[in-house]
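Down below is the structure, laid out as structure tokens.
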Amino acid sequence: MSSDPENELASVIASARELLHWEETLGGTGFPAPKAASPLQTPLGEPEAHEGDEDTVARLQVLADEAAECARCELSRGRTKSVFARGTPDTDLVFVGEGPGFHEDQEGLPFVGRAGQLLDRMVAAMGYARDHVYICNIVKCRPPDNRTPLPTEAAACAHYLVPQLDLVQPKVIVALGRCAAENLNVVPPAGRWRGIWGEWRGIPVMPTYHPAFLLRSPQFKKPVWEDLQEVLRVLNRKAPNR
Ligand code: SF4
């Protein structure tokens, strides 16, 4: 720790300001919510986003098209639309959630309900434009009553997730919720799982709480901010000052 009282004070003020920004962000006050997703968006991102090289985009689209017709597991029976991804594959940061909910199933895009709006605020607080990250789920079809995907369903859908993440090749993956963390094999056999770096096929993975959990339990927003700051540190980026 620095022995310079002025530096220490500046550091404390900067940390307090960042935390305040984060609190405002999750609380939805003092921070404009990013625009809601449009049903006209393609599964691979909005036109103004960097879309990645043509080959990657084309190969992801082949996977998305296959998932749209997929019947590898029982979840195909109840889906309206399969939900492959949103954002851009030309990014250093990927978020992986559990599975689509009602709104996602209707629109065919991940994280477009209330939890998705909160995730968009988290992304903005990290200093990323909404569509300059890549967002997907462990399973591409909605589980009945939004239950946690079964291990057999997650295993069947790895047919899409594994090549999807291999193609995007981010510098960091954030696993949103325990289900995502378990399926990316970053949950230790015992003890705390959140906030502990893991690795998936050579890519660092930060497991943290799911935005839907934060909506129900906002007291956990501070540890999530700490996890995302860790992610920014590894990416050599800083949260924007307000
Ligand atoms: S959840 Fe995945 S494996 Fe199951 S039907 Fe949908 S796309 Fe296929």
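Miscellaneous remarks
- Filtering the stretch 92-125 to residues that are surrounded by fewer than 22 Cβ atoms within 10 Å (Cβ to Cβ) and within 14 Å of V172 (Cα to Cα) leaves only D92.
- For the stretch 194-209, a tally of residues being at positive phi and surrounded by 12 or more Cβ atoms within 10 Å (Cβ to Cβ) returns 2.
- Matching residues in the stretch 187-204 - criterion: being under 21 Å from P170 (Cα atoms) and of a type in the set (A, V, I, L, M, F, W, C): V187, I196, W197, W200, I203
- For beta carbons closer than 7 Å, sequence separation of 6+ or different chains, a first residue in the stretch 51-78 that is away from the ligand (no atom under 16 Å from the Cβ) and a second that is of a type in the set (S, T, Y) and modelled with pLDDT of 95 or more, the qualifying pairs are E51/T88; G52/T88.
The values are calculated or read from the model by the stated rules, or taken from the named source; none is laboratory data. Only a predicted model underlies this, so the values are computations on that prediction, with no experimental measurement involved. Cβ atoms come from the backbone with ideal geometry, glycine included; neighbour counts cover every protein chain shown.
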